[in-house]
1. Under 9 Å by Cβ, and 6 or more places apart or on different chains, what pairs join a residue from the stretch 144-161 that is within 14 Å of M85 (Cβ to Cβ) with one that is aliphatic (A, V, I, L, M) and part of a loop (DSSP other than H, G, I, E, B)?
2. Somewhere in the stretch 308-317, is a residue in a loop (DSSP other than H, G, I, E, B), modelled with pLDDT under 95 and not basic (K, R)?
3. Could you please find all residues in the stretch 394-424 being surrounded by 14 or more Cβ atoms within 10 Å (Cβ to Cβ), outside any strand (DSSP E or B) and of a type in the set (G, A, S)?
4. L497 - would you say it is at pLDDT below 90, outside any strand (DSSP E or B), closer than 30 Å to M330 by Cβ and not assigned by TED's automatic domain parsing to the domain that holds S263?
5. Does the stretch 473-486 contain at least one residue that is out of contact with any Pro (no Cβ under 6 Å at 6 or more places or on another chain), closer than 29 Å to K204 by Cα and surrounded by fewer than 16 Cβ atoms within 10 Å (Cβ to Cβ)?
6. Can you find even one residue in the stretch 294-306 that is assigned to a loop (DSSP other than H, G, I, E, B), among the small types (G, A, S), in contact with a strand residue (DSSP E or B) (Cβ under 9 Å, 6 or more places away or on another chain) and in the same structural domain as M226 (by TED's automatic domain parsing)?
7. Can you run down the residue pairs with Cβ atoms below 7 Å, 6 or more apart or on separate chains, where the first is in the stretch 112-129 and within 21 Å of R77 (Cβ to Cβ) and the partner is aromatic (F, W, Y) and part of a loop (DSSP other than H, G, I, E, B)?
8. Could you name every one of the strands (runs of 3 or more DSSP E) located completely within the stretch 42-145 that has at least 2 residues being surrounded by fewer than 20 Cβ atoms within 10 Å (Cβ to Cβ), at pLDDT 95 or above and in contact with a Pro (Cβ under 8 Å, 6 or more places away or on another chain)?
Amino acid sequence: MGEALGRGALEEAARIRAELESHALPRSVGDFLREAAALSPDAPLLEFFQQDERYSYAEIDALSNRLANSLCALGVRKGTHVALMIPNSAPFVVAWFALAKLGAVMVPVNFNYTASELAYVLQDSDSQFLIIEADLQGVLEAIPAEDRLLPGERVVVVGDAAAPRHGYAALVEAGDAAFAPPDDVAPTDLLSIQYTSGTTGMPKGCMQTHRFWLMASLVAARAHGMQVKNILVTFPLFYLDPQLQVLTAIHAQGTAFVARQHSLKEFMGWIKSFRIHMATITPPVYHAIEPLPDDADNDLRFIAAFYHKEDTHRALEERFGAVARDAFGMTEIGVGTFTPSAATHMVGSGTCGLAAPFREVKVCDENGDEIPRGETGELCFAGEGILLGYYKRPEANAGSFRGRWFRTGDLARMDDEGYVWIVGRMKDMIKRSGENIAAVEVEGVLAQHPDIVEAAVLPVPDRLRKEEVKAYLILQPGKSATDLPPAAVTAHCEGHLAPFKIPRFIAYVEELPRTPSNKVAKARLVEAADDLRMGAYDRLDDVWR
């Protein structure tokens, strides 16, 4: 039975790969919207439900045409870099498509950035224009005068604007609803410089083409093999995944329901009220949503189940009555792996799936040579439409590519059928008494405890053992160390981890610092402590330090 299921899943994966790789893609993201609007002009494309705003395909197409014409009049052309610092709202999407139609380059900026962080991205990306929410102008004005690279006439404000800055609404109003690009836009032209920092170092700009976005969104829309039209978007649009989700809706001639601000309290209400077909439910979200008897009474068909392991994955499908599958993606490569819906035998295995359409995958040793199946090495990808490179980072590019193969920096293993498991980060390993410990493995075990929402694991320097394991824990709302004392955490780990992997130091925190791509910024945890042992329970010495 299991063998038959395995064959069926591999056949489904091969069929999906063949279908998507033979699919005719538009030349550009702008053409993609234009063609979709011609097919379904009156269909709803975007619903910003917290603002009570709805836009059809034809409306977004026309609005982006108007803005493109006005931006062109201001001097925006093919190749012009334009930064967007806008919370989730229609102007972000309209500006994105306007830039795509012009062949300009979008630089999405985290709207939580400080003045120094904004200044860094504007300077590093060589942004020539900025479109910014009115309420965020204070961040721009806080940049020291000598570091302000953009004159006022190159700033567009969403909301009230004072001269010489331009008002977004006025530009849209003044622009013609018909647009003809002054320059041809090709699939290989740069569309965006998306900043990502991983867990260390200053953010780097990933150069992504129109082909990158069209391929990645096609895979996101169809690799699960089922029809999904209503898609819930809950994370900020400056991230990769929400942008993909909007494009995914267009592939399905569907609707993206976009939250201005994520709410765990309202999450299930949104799923049911808007008859959502596809949503992302990570372990922290799953654990934070209070279980109700009617959770399965919904229209969900597919759940993007990133990072789920073992029983959590099975429980997710049972609780919400939908197919839940993991995948592997990066800002650099788009969608790298996917798990077919038919792979029911892999539910709870922890795999992130098989090579996605348009992607080749291999696991390599330190020399870049492919290693035998089942062994652990670095995960590498090749294929059309991956990033062109990091903007102005020749050293990073030299270290990240081996020929056409991109090095992810992730440790992984692959089985004989091609399924991939992420083991950890190459730079996220703990060396204790000669034993290698993958932080992600310990984090996964900790997150399986029902009282733990999220865990982050770090190495602590130790004179005797070189490094010890420290765990930062976020508990369920209302829970504290009294409810889940360190001894209970240790007992939980003992059932799943070898003794040398069990955290010696345990700290309880309300939140964890984040990178722009929403990963835990472990470097900031290290920088914030003079001594990583302090503020934590020491299991070996049985003391709070």
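The values are calculated or read from the model by the stated rules, or taken from the named source; none is laboratory data. These numbers come from a predicted model, not from an experiment. When we count neighbours, we look across all protein chains shown, and the Cβ atoms used for this are built from the backbone with ideal geometry, even at glycine.
1. V155/A161; V158/I86
2. Let us first name the residues in the stretch 308-317 that are in a loop (DSSP other than H, G, I, E, B), namely 308-309.
When the remaining residues are screened for being modelled with pLDDT under 95, the result is 308-309.
Adding the requirement that they be not basic (K, R) leaves 308.
So far as the stretch 308-317 goes, yes, one or more of its residues are in a loop (DSSP other than H, G, I, E, B), modelled with pLDDT under 95 and not basic (K, R).
3. Selection gives A396, S400, G418.
4. Values: at pLDDT below 90: yes; outside any strand (DSSP E or B): yes; closer than 30 Å to M330 by Cβ: yes; not assigned by TED's automatic domain parsing to the domain that holds S263: yes.
Considered against the rule, which asks whether it is at pLDDT below 90, outside any strand (DSSP E or B), closer than 30 Å to M330 by Cβ and not assigned by TED's automatic domain parsing to the domain that holds S263, L497 comes out as yes.
5. No, because not a single residue in the stretch 473-486 is out of contact with any Pro (no Cβ under 6 Å at 6 or more places or on another chain), closer than 29 Å to K204 by Cα and surrounded by fewer than 16 Cβ atoms within 10 Å (Cβ to Cβ).
6. Within the stretch 294-306, the subset assigned to a loop (DSSP other than H, G, I, E, B) is 294-301, 305-306.
In the following step, the residues that additionally are among the small types (G, A, S) were identified as 296, 305.
Subsequent filtering for residues that are in contact with a strand residue (DSSP E or B) (Cβ under 9 Å, 6 or more places away or on another chain) retains 305.
Narrowing further to those that are in the same structural domain as M226 (by TED's automatic domain parsing): 305.
Within the stretch 294-306 (the criterion being assigned to a loop (DSSP other than H, G, I, E, B), among the small types (G, A, S), in contact with a strand residue (DSSP E or B) (Cβ under 9 Å, 6 or more places away or on another chain) and in the same structural domain as M226 (by TED's automatic domain parsing)), the answer is yes, since at least one residue qualifies.
7. As it stands, the answer is S125/Y391, since those pairs meet every condition given.
8. On the way: elements: 44-48, 53-56, 81-85, 105-108, 129-133.
Passing ranges, in order: 53-56.
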